[in-house]
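For reference, the structure is listed below as structure tokens.
The values are calculated or read from the model by the stated rules, or taken from the named source; none is laboratory data. Predicted model only: the values in this text are computed from it and were never measured. Cβ sites come from the backbone with ideal geometry, for glycine too, and all protein chains shown count toward neighbours.
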Amino acid sequence: MQKLPTLKDPDREQRIFQARVWAAVAIMAVLVSLIISRLAYLQIIKHGHFTTLAQDNRLKVVPIAPTRGLIYSRDGHILAENRPSFALEMVPERVEDVQSSLTALAILLQLNDAERERINEALKRARGFDSVAIKTGMDEREVAIFSVNRHRFPGFSIAARLTRYYPAAERMAHIIGYV
């Protein structure tokens with residue numbers, strides 16, 4: 001037996017299609033209105049808050065000391081020169097566990113209790129992403145020891161600076177000035 005073809009009702013199919021289209025349009029309208037309302041909230045109501053955050057995040061003032069020139073005597077002897085100085089610095093916000101990192105660092109660089117107490121006091125005064133000096137006046141051996149183990153200390157870095165050195169400080173203080 002042969003099946004008879006079923007007749008389609010085009011009006012019914014048109015109504016079903018239109019109902020689906022209107023449902024999809026309604027869902028899209030709700031989603032677009034949610035996005036627009038969130039955008040308006042962020043742009044109009046929270047504008048001041050995010051402007052302040054952006055301005056504070058945009059600039060970080062880092063003073064850079066100028067390179068000072070050499071001072072020679074009339075005979076050509078150096079009275080004042082610049083020497084490299086290294087300091088170990090830490091950004092507390094970039095360190096997961098500050099105290100355990102400081103303990104490991106104290107063992108590595110042989111920091112005494114007074115230095116550790118000074119570091120803890122400096123950490124209490126530190127703000128956000130400001131660097132805290134852990135150890136200043138490091139020699140090349142200490143810099144090398146830290147550099148080899150640097151992977152163990154995220155958030156710590158070596159800062160190189162120039163410090164003034166006066167070879168004849170006691171004899172030339174009246175000429176050079178306060179040293």
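Brief remarks on what is shown
- Among the candidates 103, 51, residue that is among the β-branched types (Val, Ile, Thr), part of a helix (DSSP H, G or I) and not assigned by TED's automatic domain parsing to the domain that holds residue 172: 51
- Some residue of segment 138-152 being more than 17 Å from residue 81 (Cβ to Cβ), at pLDDT below 85 and not basic (Lys, Arg): no
- Pair list, Cβ under 8 Å, 6 or more apart: segment 114-130 residue closer than 21 Å to residue 57 by Cα, other residue loosely packed, with under 15 Cβ neighbours inside 10 Å: 128/93; 129/60; 129/93; 129/94
- Conditions (1) outside the structural domain of residue 168 (by TED's automatic domain parsing); (2) part of a loop (DSSP other than H, G, I, E, B): number failed by residue 75: (1)
- Against the test of being of a type in the set (Ser, Thr, Tyr) and free of Cβ contacts under 8 Å to residues at least 40 places away in the same chain, the options 147, 101 yield a single qualifying residue, 147.
- Restricting attention to segment 42-75 and to residues that are touching a residue at least 24 places away in the same chain (Cβ under 8 Å) and of a type in the set (D, E, K, R), the residue that is nearest to residue 172 (Cα to Cα) turns out to be 68.
- Scope segment 78-100; condition in a helix (DSSP H, G or I) and either under 30 Å from residue 165 (Cβ atoms) or not acidic (Asp, Glu) (or both); matching residues: 92, 94, 98, 99, 100
- For residue 128, the criteria (1) among the small types (Gly, Ala, Ser); (2) under 18 Å from the mean Cα position of the chain (by Cα); (3) not assigned by TED's automatic domain parsing to the domain that holds residue 168 hold in every case but one, which is (3).
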